[in-house]
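Every number here is computed from the coordinates shown, using simple stated rules; none is lab data. None of these values were measured; they are calculated from a predicted model. All Cβ positions, glycine included, derive from the backbone under ideal geometry; neighbour counts span all protein chains shown.
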Amino acid sequence: MTAANSVSWEPRPSITNVGFDVEAARRDFPILQKQVYGHPLVYLDNAATSQKPRLVIDSISRYYESGNANIHRGVHFLSEHATEEHEAARRTVQGFLNAADKREIIFVRSATEAVNLVAQSYGRRHVGAGDEVLITAMEHHSNIVPWQMLCEEKDATLRVLPINERGELRMDELPKLLTPKTKLVAVTHVSNALGSINPIKKIVELAHSLNIPVLVDGAQAVPHLKVDVQDLDVDFYVFSGHKVYGPTGIGVLYGKRALLEAMPPYQGGGDMIRSVTFEKTVYNDLPYKFEAGTPNIGGAIGLGKAIEYITQLGLDNIASHEHDLLVYGTEALTAIPGIRLIGTAAEKAAVISFVMEGIHPHDIGTILDREGIAIRTGHHCAQPVMQCFKIPATARASFALYNTREEIDVLVKGIQKVKEVFA
Ligand SMILES: Cc1ncc(COP(=O)(O)O)c(C=O)c1O
């Protein structure tokens, strides 16, 4: 390796984060014991999905082993118990988001489904020809395409709040983009591709001053930040269970009760009705009006346990531990010649996207994989972000509560290897 290529990086051990024992937390996640190609797994793909603690895995097994029954319509012991567990999970989510009412918590399949629900139910009723929906340039495809589909159907226009070169929203442009034609603002709380944390309160204040409701995509926020939907005053908030240490196939739509009450159902079927005749169907009350069919009962129970788990660890503890990883990882990667960070917002969650001169991100990911290091490479379902930065893809390391500084040191060594291969 030439001097210009060398990494001037001195590993430093983890500082002890009072109140949070990362080694103890790691023991809660069975998969972290795994070896990959003869190396201990270093899992840095948490923005795609996080690993699951034992108690979440156990809660799902326990449900299927000894609690499985369909909910809401049975009078027998198992059905009543399953219903109670499912509703307990809803109350847990309510507390987690600090929603005013448990009827404001709708269980869906994922953040994606929650956005589609709002677009198809609220959107179809309130967005008409000539109207506008405002999103931002850093949205995940799941907060772009449902609005694009709606706008296409309604002959409305999708407007986009741009970002600056650091990957921050151009808040100076926001007042110009909010007009009497704007019927909804849909914005991510934390960018999956850049890590930027957006000023949701300011956006909501401005939008509400013009009576425009705001949907916030919290898929990347809830694992890292304390979210209080009442304090933020958001109208809709969505997230996926699997990014917050829960199972796949379960997600949440929070909506203000008055808005949800006034919205038509998204899907028809069992459970979402009060009565059905061929002439007329009377819909059920919230939240069931939006939960057609047998829900993911085991998934909801697992999500409830995941939330209890991180609540017990303390979201503030998790946030400060992850912030340490972000600062340490940013210093480490910045010290490597030829690396360019994509996304350097002043307010960031623990996500580091980067590109390397002359090396395609897929090659970075493939070489790191052989070292047991899992990162994500590609456009991260945020192709417009890549277009803003004029790059096809990035390599992305994203951290969770169980990651350590030592794992970042392993990443740095792995990147050194990538450089050697391409020297
Ligand atoms: C910011 C953001 N929004 C939404 C999603 C969609 O999540 P899901 O695929 O679980 O619906 C993701 C997934 O990566 C995301 O990062």
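Miscellaneous remarks
- Residue of V108, V187, V276 that the Gaussian network model of the chain assigns the largest fluctuation, springs spanning Cα pairs under 10 Å: V276
- Residue exposure sequence - H81, H321 - by fewest surrounding Cβ within 10 Å: H81, H321
- Put a plus charge on the Cβ of each Lys and Arg, a minus charge on the Cβ of each Asp and Glu, and nothing anywhere else: the dipole of the chain about its Cα centre is then about 400 debye.
- Length added when fully stretched, F422-R257, from 0.36 nm per residue minus Cα-Cα: 53.8 nm
- For E132, distant residues with modelled amide H under 5 Å away: T157, T182, K183
- Legend: residue pairs K176/K256; K176/K226; K226/K289; K34/K226; K52/K305; K52/K102, Cα-Cα distance threshold 19 Å; pairs beyond threshold, K176/K256; K176/K226; K226/K289; K34/K226; K52/K102.
- Cα lying deepest toward the dipole's positive end in the range 293-418, options N296, Y402, M386, charges on Cβ: M386
- Per-pair calculated FRET efficiency, R0 = 45 Å: Q267 and M171 via Cβ, rounded to 0.05: 0.80
- For the range 309-332 versus the range 87-154, the gap between their alpha-carbon centres in whole angstrom: 28 Å
- Karplus-derived 3J(HN,Hα) values for the range 298-312, using 6.51 cos²θ - 1.76 cosθ + 1.60 with θ = phi - 60°, are x, x, 5, 5, x, 5, x, 5, 4, 5, 4, 4, 6, 5, 5 Hz; glycine and proline are entered as x.
- Relative exposure of V351, V229, judged by other C-beta atoms within 10 Å (fewest first): V229, V351
- Protection proxy ranking of 380-386, 338-344, 219-225 - average other beta-carbon atoms within 10 Å, highest first: 219-225, 380-386, 338-344
- Cα-centre dipole for the range 199-251 with unit charges at Cβ (Lys and Arg positive, Asp and Glu negative), debye to 20: 200 debye
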